[in-house]
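Worksheet: the structure to be examined is printed underneath.
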Amino acid sequence: MPFVRSACVLVLSAAVAVSGTVAATGAANRSGSTIGSQGAGDPYFPSQGNGGYNVGHYDLYLRYTPSGQHLRGTATIQARATKTLTRFDLDLRHSMKVSSVWVNGTKAVAKQPASRTQELVITPKHTLPKGQQFTVRVHYAGVGKAIHDPDGSLDGWIPTSDGAFVAGEPQGAPTWFPVNNSPRDKATYRVMVNVPKGLAAISNGALKSRVTKHNRTTWTWKLTKPISSYLVTATVGKYKITRGHTGDGVPYLIAVDPSQQADSANVLRKLPRILDFFTTRYGKYPFKQSGAIVDNAPYVGYALETATRPIFDRAPSESTLAHELAHEWYGDTVTLKRWRDIWLNEGFAEFSAWLWDEHSGGQTGAQHLNQLMSLSANNEIWNPPPGNPRTNDQIFSDSVYERGAGTLQALREKLGNKTFFTIMRGWVAAHRYGNATVGEFTSYASAVSHRDLTHFFHVWLYKNGKP
Ligand code: TRP
Ligand code: ZN
């Protein structure tokens, strides 16, 4: 295996650090501890994210070679300690082997404990005082490899015949970079990817440069608005790139796998109009760039709303394109606080696909809702309730999408368009580049509409079975 050499380095540093690490684990949650916890407290994904610091910016340099799936990286992370730290974690799957870690330019002790498959435990030479800004640099390499989510789906760095389909919801980001993988720790990104000449590497935000040297090309991308780590991509493959502007002047960059060009052209042509339409309903487009990535990886089985530029595993349908573009407002700008708040992402995006259908002369929102309500009470579509999917393998269940969309259409019919869209716009504006819970939305809707919506939301979001 190509990473045997760095694995040896790892074993050596592990031997030095091991006793202190094991002894201190129990102390991680005790107050007064100077150890950053190994999770961020999400009950659905307890070891996701870490405590003790917040990240402001990720600077990633990756080198990927599809033959052999060899991935090498250097991550430079700017963070701030939220308490005094003698030790902290980053999330990184052990398919990536760390060769060295530097904190503020000084070599740190780094360990990838076998029992905790996504933790990189870092002990800096010098204690980081609470409030201090610090820089972590991690050098790592390994075989680019996906993980399986609790529902069985592939997540993370998913190799394809010509590169990799890179999607991180809900758990995949640590398959390819060291990260504080909590959706609450938003950061800006610069992603540089070096790939064999002839391949493209597509990430989020603006394409800053494309430089070819020694038969390899480095693609540099920059995103200046803060986003959650599950929304970052660095997708590699053969791509045909087209660019333009929406009616509102937002630049778009669309990258399409040549095999998907014929099947996707008619739908992708609507991208600027869909974004302009959502802007009229939901308010200003929240990012400075837009676009799409259409790969040929149908075994992935889903699309993802990667920030500024959603990624599709095949030529998308019009409704899937509308769904993913709406996520730029609902999901990417206002993001769930915990995974149980997934309705704020999926219910809103699916409702938006209904809205686009209505706007473009298809079925109205009311017709979509009627159709949903015509399904029998014992149809599987009604459970789990979208406001509480209960287990981590149910966050992407049909109920969250369809009953979730129906919730918003029912709210629209109850309050009328004027109040309903005031709520939809105000909600994004209030939480722009932040996070929120389902409870915060229901309170907000009640406050703006001057109505007590407790019973309505109980029936639609929390009660078992058909509303
Ligand atoms: N959030 C994606 C969407 O737009 C769906 C998704 C992401 C997904 N990761 C997944 C679905 C894993 C199933 C399994 O709807
Ligand atoms: Zn979605």
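Summed over the range 64-97, the residues that are among the basic types (Lys, Arg) and surrounded by fewer than 18 Cβ atoms within 10 Å (Cβ to Cβ) give a count of 1.
One residue alone among Phe396, Phe421 is closer than 25 Å to Leu271 by Cβ and not in a helix (DSSP H, G or I), and that residue is Phe396.
His368 meets each of the listed conditions (1) of a type outside the set (A, V, I, L, M); (2) surrounded by 22 or more Cβ atoms within 10 Å (Cβ to Cβ); (3) more than 25 Å from the chain's Cα centre (by Cα); (4) assigned to a loop (DSSP other than H, G, I, E, B) apart from (4). Here Ala297 does not fit the description of being in a loop (DSSP other than H, G, I, E, B), more than 11 Å from ligand 1 (Cβ to nearest atom) and in contact with a Leu (Cβ under 7 Å, 6 or more places away or on another chain). Considering only residues in the range 126-153 that are among the β-branched types (Val, Ile, Thr) and surrounded by fewer than 17 Cβ atoms within 10 Å (Cβ to Cβ), the one that is nearest to ligand 2 (Cβ to nearest atom) turns out to be Val143. Scanning the range 319-332 for residues that are surrounded by fewer than 24 Cβ atoms within 10 Å (Cβ to Cβ) and away from ligand 1 (no atom under 11 Å from the Cβ) returns a single hit, Ser319.
Looking at Glu440, Glu413, just one residue is part of a helix (DSSP H, G or I), touching a Gly at 6+ places or on another chain (Cβ under 9 Å) and of a type in the set (Asp, Glu), and that residue is Glu413. Filtering the range 258-274 to residues that are touching a helix residue (DSSP H, G or I) at 6+ places or on another chain (Cβ under 9 Å) and either within 16 Å of ligand 2 (Cβ to nearest atom) or part of a loop (DSSP other than H, G, I, E, B) (or both) leaves Lys270, Ile274. Here Gly416 meets the list (1) more than 16 Å from ligand 2 (Cβ to nearest atom); (2) in contact (Cβ under 8 Å) with a residue 60 or more places away in the chain almost entirely, failing just condition (2).
Mind checking whether some residue in the range 262-281 is touching a Lys or Arg at 6+ places or on another chain (Cβ under 6 Å), crowded, with 22+ Cβ neighbours inside 10 Å and either farther than 16 Å from Trp329 by Cβ or touching a residue at least 40 places away in the same chain (Cβ under 8 Å) (or both)? No - not one qualifying residue is present in the range 262-281. Is it the case that Arg338 is within 13 Å of the chain's Cα centre (by Cα), within 15 Å of ligand 1 (Cβ to nearest atom), closer than 30 Å to Pro183 by Cα and basic (Lys, Arg)? Here the answer is no, as Arg338 does not meet what is asked. Would you confirm, using the coordinates I've provided, whether Gly291 is surrounded by fewer than 21 Cβ atoms within 10 Å (Cβ to Cβ) and away from ligand 2 (no atom under 16 Å from the Cβ)? No.
Somewhere in the range 217-230, is a residue part of a helix (DSSP H, G or I) and surrounded by 13 or more Cβ atoms within 10 Å (Cβ to Cβ)? Looking through the range 217-230, at least one residue is part of a helix (DSSP H, G or I) and surrounded by 13 or more Cβ atoms within 10 Å (Cβ to Cβ). Residues of the range 309-318 that are in contact (Cβ under 8 Å) with a residue 60 or more places away in the chain, within 11 Å of ligand 1 (Cβ to nearest atom) and outside any strand (DSSP E or B): Asp313 alone. When Thr306 is tested against (1) among the β-branched types (Val, Ile, Thr); (2) within 20 Å of Leu199 (Cβ to Cβ); (3) more than 16 Å from ligand 1 (Cβ to nearest atom), just one condition goes unmet, and that condition is (3). Can you work out which of the residues in the range 301-343 that are more than 11 Å from ligand 2 (Cβ to nearest atom) and touching a Leu at 6+ places or on another chain (Cβ under 6 Å) is nearest to Phe396 (Cα to Cα)? Ranking the qualifying residues of the range 301-343, first place goes to Leu336. Taking Pro386, is it within 16 Å of ligand 1 (Cβ to nearest atom) and at pLDDT 95 or above? The answer is yes for Pro386. Identify all residues within the range 419-429 that are in contact (Cβ under 8 Å) with a residue 40 or more places away in the chain and out of contact with any strand residue (DSSP E or B) (no Cβ under 6 Å at 6 or more places or on another chain); write none if there are none. Of everything in the range 419-429, those that are in contact (Cβ under 8 Å) with a residue 40 or more places away in the chain and out of contact with any strand residue (DSSP E or B) (no Cβ under 6 Å at 6 or more places or on another chain) turn out to be Phe421, Met424, Arg425, Trp427, Ala429.
Considering (1) closer than 18 Å to Thr160 by Cα; (2) surrounded by 20 or more Cβ atoms within 10 Å (Cβ to Cβ), the lone condition that Pro298 does not fulfil carries the number (2).
The values are calculated or read from the model by the stated rules, or taken from the named source; none is laboratory data. This is a predicted model, so every value here is computed, not measured. Every residue, glycine as well, gets a Cβ built from its backbone with ideal geometry; the counts of neighbours run over all protein chains shown.
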